[in-house]
Amino acid sequence: MALLLSGLIIIVSPRAFKAQNDINLKIENSEQINLCGADRDKRVIITLYIGKILQSDSLFGFNGQLNYNPEKIQFHTALPINTLAEFFEYNRADFNQKGKIIFTASQWMSNIPISGDRPLFAFLGNYIGTCPDTSWVNLDFIEFTDEFKKTIKDVSNGLVKAEILFDENHYLKTYFDTDTLEFLEKDSTKNIQVVFDIKPGLRLSSLQINIENENPNQFEIYDISSLNDYIKIDSIEKIEGKIQLFLSVLNDTIAGVNLKLTIIEKYKSDNIAKLNIEPVKINDCSCISKLLNAYAFMKSNKIDTTPTSIYDDNISYKETKYIIHENYIIVSNENKTIQEIIITNLLGNVIKDFKIENEQQIQINTDILDDGIYFFNIVKKNNNREIKKFIKIK
């Protein structure tokens, strides 16, 4: 082709015109997907952009199809506003076929081509996956009316990235219902409850909690139980004073008291032991950003010199002797040091309290007890104490 300008002849290669008519189609995602945010944070807006279109490009219509993963995204609404599709006499999009967007726009009566520097079309959907992931939106095909002077040279498909963003308020804290678990003079067992502080809807389904007992020789965690149908204890592993507790969460509306620990005090001392509880692992795809721990203290309110022997006036006595019969237990009191025998259950409730005077043998009738685990709390002179566990089975 030759152009005559001011007496000059300029030769222009046909390839130059072709290069100017080549366009790149881009599929862009304009939203950041936060899986744990509000509904608006899970919106997906896809735009098709082909660059600036002039009237001389003769754009009178187009149609095409996008493909996407329907397991991750669900498109449902066309967004022609602020796109070139807005200026066509007819525009629509069909979302009835799973994983497909079929779109079209055309001029019916007007002979004026559409122009502008806007996206070609846009579509609104929602990210319906629950785990961080990426998903592509791909162009299957696009066709323009014959008059259109530009040609699609390259296509950049759209990438939708879904993330779980950190949120200061999305935390799980486990703590005890008391700061100090105090074993009184008559107590051999006490209960302490575990409280969960968590917002609903954070998609918690499994949880590992570590409970660390600073002094398991004195304070033994005898039993752990769930207090509702929302928490299921799958397994318990004990490793050198540390308990690993594996839980299933059947309903994530679990704020409040959920677990009960039964603790046995084996002997009295002036030690104060720390009991730490810490959530350490949660299921994948949970919306929890932080795991917070807490602790309580365990202590006696009386001091003993030894757990199993008594010392009175510098004379050492052997451990109390027992004779167990089918319906009763005989406790030896040859030295007349026993002042009181208290029978408690696992919960620490007093079942029977016997005041002892000068009997050398004390007979305890066990017919009054149901089957179960009990503790003999034998209180001796100078407030020394022995604790014996026994099981009643008919």
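The values are calculated or read from the model by the stated rules, or taken from the named source; none is laboratory data. None of these values were measured; they are calculated from a predicted model. FYI the Cβ positions are ideal-geometry reconstructions off the backbone, even for glycines, and counts take in every protein chain you see.
Values as computed for the structure displayed
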read-out	value
Within segment 195-311, strands (runs of 3 or more DSSP E) holding 1 or more residues that are free of Cβ contacts under 8 Å to residues at least 24 places away in the same chain	231-239
Yes/no for Asn63 being part of a loop (DSSP other than H, G, I, E, B) and not aliphatic (A, V, I, L, M)	no
Top-ranked residue of segment 212-227 - restricted to ones that are closer than 17 Å to Gln193 by Cβ, surrounded by 13 or more Cβ atoms within 10 Å (Cβ to Cβ) and not hydrophobic (A, V, I, L, M, F, W, C), ranked as modelled with the lowest pLDDT	Tyr222
Members of segment 54-71 that are among the hydrophobic types (A, V, I, L, M, F, W, C), over 39 Å from the mean Cα position of the chain (by Cα) and closer than 28 Å to Gln97 by Cβ	Leu59, Phe60, Phe62
Tally, over segment 46-60, of residues that are assigned to a loop (DSSP other than H, G, I, E, B) and out of contact with any Pro (no Cβ under 9 Å at 6 or more places or on another chain)	2
Output for segment 253-287, where each listed residue is under 19 Å from Ser226 (Cβ atoms) and in contact with a Pro (Cβ under 6 Å, 6 or more places away or on another chain)	Thr253
Residue count, segment 79-105 (criterion: part of a strand (DSSP E or B) and surrounded by 19 or more Cβ atoms within 10 Å (Cβ to Cβ))	5
Strands (runs of 3 or more DSSP E) contained in segment 109-173 and holding at least 3 residues surrounded by 14 or more Cβ atoms within 10 Å (Cβ to Cβ)	121-127, 133-144, 158-163
All strands (runs of 3 or more DSSP E) inside segment 351-394 with 1 or more residues being of a type in the set (S, T, N, Q) and modelled with pLDDT of 80 or more	361-365, 372-380
Any hit, segment 60-78, residues being surrounded by fewer than 20 Cβ atoms within 10 Å (Cβ to Cβ), in contact with a strand residue (DSSP E or B) (Cβ under 8 Å, 6 or more places away or on another chain) and either of a type in the set (Ser, Thr, Tyr) or outside the structural domain of Ile114 (by TED's automatic domain parsing) (or both)	yes
